[in-house]
There are 2 protein chains.
Amino acid sequence: MEVRNLLSPLPSAEEAEVTERLLGANGVRLERIVSLGQASPEGFWYDQADDEWVLLLAGRARLTIAGEPDDRQLGPGDAIYLPGGCRHRVAWTDPAQPTVWLALFLDPGLDPLHEPSADAS
Amino acid sequence: MEVRNLLSPLPSAEEAEVTERLLGANGVRLERIVSLGQASPEGFWYDQADDEWVLLLAGRARLTIAGEPDDRQLGPGDAIYLPGGCRHRVAWTDPAQPTVWLALFLDPGLDPLHEPSADAS
């Protein structure tokens, strides 16, 4: 049981994104992804069966969701839930600083249920 | 599919901690907890069957793990995995600023496996 900081140190993502599995369980996968200017290849869409919940821990990114006219702009603390089958791609990550994603994938067999939260106040 | 920031706005935790379920699935629960100076009651220990992975998004906290001489000091980006049955308590959270926790609970039936990560470099 070690405390581990997810923001420092960071692996170098200069040559490629660095994905690391933080923990796993049956139907569950938690990953940290470090990007530095990478984006999804032109024309590529993530189209996965798993539900995905993603949280930006640091940096800046733009996410395209199929069928939406505008990209989603993401900064630190921003989270979004992408149901299985929701086609999406990373349009842009900041080339000037590392972007650190926390991504939780849930197998549809776990019957994921997104419970929209009440507004914080 | 809304982008939602987990750091702002924050609910007021002046009177009590504020726990909010962000998503759930069979055997899986993801929560945000906002603390402001709260700690576990004297003599109280969390002693749960679920495995828990917790990440501090903001603030500062001290965690006591049963049998350990020293508290764990947690700051932004710090994560720790607490296997089911690992007795622990929150010894302290910063009274001067909100502490924001992200907590992922996994039912032991999912056979959670913590995969210690390679050192980042």
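Residue-wise, which Karplus ³J(HN,Hα) couplings in Hz belong to segment B:76-91, taking 6.51 cos²θ - 1.76 cosθ + 1.60, θ = phi - 60°, and x for glycine or proline?
x, x, 6, 10, 8, 9, 10, x, x, x, 7, 6, 8, 8, 8, 7
Given all pairs of different Cα atoms, what value in angstroms does the Kirkwood hydrodynamic radius of the protein assembly as shown take?
Numbers: mean 1/r = 0.0538 Å⁻¹.
Taking every pair of different Cα atoms in the protein assembly as shown, averaging 1/r and inverting gives 18.6 Å.
For the pair B:A16 and B:D71, how long in nm is the line joining their label points, each one 7 Å along Cα→Cβ?
2.3
Place the label 7 angstrom along Cα→C-beta at A:G43 and in each other copy, then list the distances from the first to the rest in nm, shortest first.
Label-point separations across copies, in nm and ascending: 7.0.
Exposed loop GluC sites (Glu not before Pro) only (DSSP loop, at most 16 other Cβ atoms within 10 Å): please give the longest stretch of chain A free of them, not including the sites. Could you put the intermediate results ahead of the total?
Working: sites that count: A:E2, A:E14, A:E15, A:E42.
The longest such stretch corresponds to A:43-121.
Looking down the axis that turns B into A, which residue of B has the closest beta carbon, and how many Å out?
Axis-proximal residue of B, distance in whole Å: B:V28, 3.
Of all the C-alpha pairs in chain B, what % are more than 20 Å from each other? It would help to have the intermediate numbers written out before the result.
On the way: 3292 of 7260 pairs.
Counting every Cα pair in chain B, those more than 20 Å apart make up 45 percent.
Counting only other chains, and only Cβ atoms inside 10 Å, what mean value do you get across the residues of B:50-61? Don't jump to the answer; show the numbers that get you there.
Working: counts 0, 2, 0, 4, 1, 8, 3, 5, 2, 0, 0, 0.
Shielding by partners across B:50-61 averages 2.
Could you give, in nm with one decimal, how far A:E2 is from each other copy of that position, shortest first, with labels 7 Å out from Cα toward Cβ?
4.0
Using amide H atoms built 1.01 Å from N in the peptide plane, name the residues 5+ places from B:C86, or on other chains, whose amide H lies under 5 Å from its own.
B:Q48
Once every Cα of segment A:53-118 carries one equal point scatterer and solvent is ignored, give the base-10 log of I(q)/I(0) from the Debye formula at q = 0.13, 0.24, 0.29 Å⁻¹, two decimals.
Reported log10 I(q)/I(0), two decimals: -0.39, -1.13, -1.32.
What average number of partner chain Cβ atoms lie no more than 10 Å from the Cβ of the residues making up A:100-109?
Working: counts 1, 0, 5, 0, 8, 0, 7, 4, 1, 2.
Across the residues of A:100-109, the mean count of other-chain Cβ atoms within 10 Å is 3.
All of the numbers you see were taken from the coordinates with simple rules; none came from a lab. Every value quoted in this text rests on a predicted model; they were computed, and no experiment measured them. For neighbour counting, all protein chains shown are included, and Cβ atoms are generated from backbone atoms with ideal geometry for every residue, glycine included.
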